[in-house]
Amino acid sequence: MGGHLGAPHSYQLRILGIESSCDETAAAVVEDGRRIVSSVVASQDAIHAPYGGIVPELASRRHLEMIVPVVEQALADAGMRVSDVDAVAVTQGPGLVGSLLVGCSMAKALAYAHRRPLVPVNHLEGHVYASFLADDAPTHPFVALVVSGGHTALYHTDAPLSYTLVSETRDDAAGEAFDKVAKLLGLGFPGGPVIQRMAETGDPAAISFPLAHMTDQAPDFSFSGIKTSVSLFVKRAGTLSDERVADVAASFQAAVVKMLVGKTVKAVLRTSARRVVLTGGVAANGPLRAALAAAATEHGFVLHVPPRILCTDNAAMIAAAGTARFLAGARATLEMNAIPDLSLAA
Ligand code: KG4
Ligand code: ZN
């Protein structure tokens, strides 16, 4: 995503965001937590594709190569220098430790050298704040469905920066299931976009993959059962025609979407919230967006989904969450460390 220089405008707070928690090296400048001045994302998809998943060692090495050019590009696109921003916000966790450390070191160096405040950001809060960069920003209270390659969780948020965990996955994250199923169908990495594409020509009702735990009242998600039944189906079938692969992709995707939408609707109806934020890499999925939009109409809640480019990992969302945290007084010292298992709910 390139930067854009609009007409002169006033702003209160300008934040440089840095993200390196997983396999995207990203930097962005955001004004007032709402307006993206520049946003640069360097994807490592091509590096991890041969392995069908993220290789942490390769990820951190690539972050090291990319972090300086990506930050410089974000500043150049914005027509700014570090001294033009009011603070540097960086993802502290959760994520891969070697990856997180690269962004954290860069942010600390910039904060120290340019005497800017350093603001630590939770990556999952970043995903939630992507929705505040969209035209129709949500108002509290809302329920947030965060679905990514590493996380699948529902949060209830009554007030800014306050989260209660409603449910999470008992096993795999939804994005992880997409990636694993794509790998066993030989479709490549990352799995989400390629499964969605294959599914377009398939029949979502062709194969019934069991929805584990859908019948019990437990609010938690589970994707390993679906993944295992796809694996068994593929093994039993031997070689699959392209049409059959499309059917498997469509049927798998339909099962995941049904699980995500079903649990989200249940969670919303149990709260007073009538707004839902759908975010994280898997929120880029067209059928999921459509199914949750239909559920919103049916059950009378308002759905907020950031544009696709803001659903997958980026630094504009980190700058947006960093703005809220900055205004609430969050500051880190140069002792700040990456926290790979940082959680969002208190
Ligand atoms: O949020 P994200 O960019 O990184 C993490 O924080 O994990 O999410 C990446 C995940 C991957 O598992 C990828 O397969 C999935 O998001 N994803 C999708 C789609 N685009 C990306 N899943 C389903 N449909 C998509 N269109
Ligand atoms: Zn993410």
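The values are calculated or read from the model by the stated rules, or taken from the named source; none is laboratory data. Owing to the predicted nature of the structure, the values given are computational and were not obtained by experimental measurement. Here Cβ is always computed from backbone atoms with ideal geometry, including for glycine, and neighbour counts include all displayed protein chains. Surface areas here come from the heavy atoms of the whole protein model, side chains and all, with no ligands, DNA or RNA. Shrake-Rupley method; radii C 1.70, N 1.55, O 1.52, S 1.80 Å.
Tabulated values for the structure
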read-out	value
Accessible surface, 1.4 Å probe, highest first, among residues Leu124, Leu327, Leu240	Leu327, Leu240, Leu124
Exposure of Met198 as accessible area (Å², to 10), given a probe of 1.4 Å and all protein chains	50 Å²
Of Tyr163, Ala59, Thr239, farthest towards positive along the dipole that unit charges on Lys, Arg, Asp, Glu beta carbons give the chain	Tyr163
Extended-chain gain in nm, criterion 0.36 nm per residue less alpha-carbon gap, Ala76 and Arg35	13.1 nm
Å³ per residue enclosed by the Cα convex hull of segment 1-117	98 Å³
Rough spin-label spacing in nm, given labels placed 7 Å along Cα→Cβ, for Arg274 and Gln12	2.8 nm
Residues whose placed amide H lies under 5 Å from that of Ser222, excluding near-sequence neighbours	Arg170
Heavy atoms of His123 accessible to a 1.4 Å probe, total area in Å² rounded to 10	10 Å²
Length added when fully stretched, Tyr112-Ala134, from 0.36 nm per residue minus Cα-Cα	4.7 nm
Scaled radius of gyration (Cα, divided by 2.2 N^0.38 Å) that segment 137-305 gives	1.03
Largest to smallest accessible area among Arg289, Arg274 [probe 1.4 Å]	Arg274, Arg289
Rounded Å value of the spacing that divides the Cα centres of segment 28-47 and segment 81-139	11 Å
Bins of 10 Å from zero: percent of alpha-carbon pairs in the chain	6, 26, 32, 24, 10, 2, 0
Furthest towards positive pole of dipole, Val277, Ser224, Phe252, structure part segment 137-305, Cβ charges	Val277
Per-peptide average of other Cβ atoms within 10 Å, ordering 101-108, 203-210, 14-21 highest first	14-21, 101-108, 203-210
Alpha-carbon radius of gyration plus Dmax, which is the widest Cα pair, for segment 214-346 in Å	19.0, 58
Karplus-derived 3J(HN,Hα), 6.51/-1.76/1.60, for each residue of segment 17-32, Hz, glycine and proline x	x, 10, 9, 8, 6, 10, 10, 10, 9, 9, 8, 7, 10, 10, 9, 6
Neighbour-limited loop hits for trypsin sites (Lys or Arg not before Pro), segment 148-244 (at most 15 other Cβ within 10 Å; DSSP other than H, G, I, E, B)	Arg170
Accessible solvent surface per residue of segment 59-209, calculated while the other protein chains remain in place, 1.4 angstrom probe, Å²	39 Å²
Segment 114-193 shape via C-alpha gyration tensor axes, a/c threshold 1.5	prolate
Residue pairs, from the table Lys235/Lys266; Lys227/Lys266; Lys180/Lys263; Lys180/Lys258, whose Cα atoms sit over 27 Å apart	Lys235/Lys266
Computed accessible area, Leu58, all protein chains, 1.4 angstrom probe, square angstrom	50 Å²
Electrostatic dipole magnitude of the chain [Cβ: Lys, Arg +1; Asp, Glu -1; Cα centre; debye, to 20]	320 debye
Bridge type composition, the chain - antiparallel percent by DSSP, nearest 5	60 percent
Zone of Thr297's modelled label, taken as backbone nitrogen in segment 230-254 under 14 Å from a point 7 Å along Cα→Cβ	none
Prolate/oblate/rounded label for segment 48-205 (Cα gyration tensor, a/c 1.5)	oblate
Top positive-direction residue, dipole computed over segment 46-151 with Cβ charges, set Gln73, Val143, His114	His114
